[in-house]
Amino acid sequence: MLNKVMLIGFLGANPESKTMPSGGEVVNFRMATSESYTDKNTNQKVEKTEWHSVVIFNP
């Protein structure tokens, strides 16, 4: 089974890469995604940013 997610956004800092004792590699980074919409009550543009912690493991 394969799970697939596509995030489009900006990195908060440079990715951090670590090599495991087994030789595998782990990469960690934080990513911000944003969405914007117009509030129907106030007619003002609202922008919402959400931060994601991403871990990539390559055994």
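The numbers here are math on the coordinates, done by the rules we state, and not lab data. All values reported here derive from a predicted model rather than from experimental measurement. All Cβ positions, glycine included, derive from the backbone under ideal geometry; neighbour counts span all protein chains shown.
Values computed for the structure shown
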quantity	calculated
Taking Met20, Met6 and counting other C-beta atoms within 10 Å, the order from fewest to most	Met6, Met20
Contact order normalised by residue count of the chain, Cα under 8 Å, 6+ apart, percent	32
For the chain: Kirkwood Rh in Å [reciprocal of mean 1/r, alpha carbons]	14.1
Ranking of Ile56, Ile8 by count of other Cβ atoms within 10 Å, fewest first	Ile8, Ile56
Gain in span if fully extended, Arg30 to Asn14, counting 0.36 nm per residue against the direct Cα distance	4.9 nm
Residue order, fewest to most surrounding Cβ atoms within 10 angstrom, among Leu11, Leu2	Leu2, Leu11
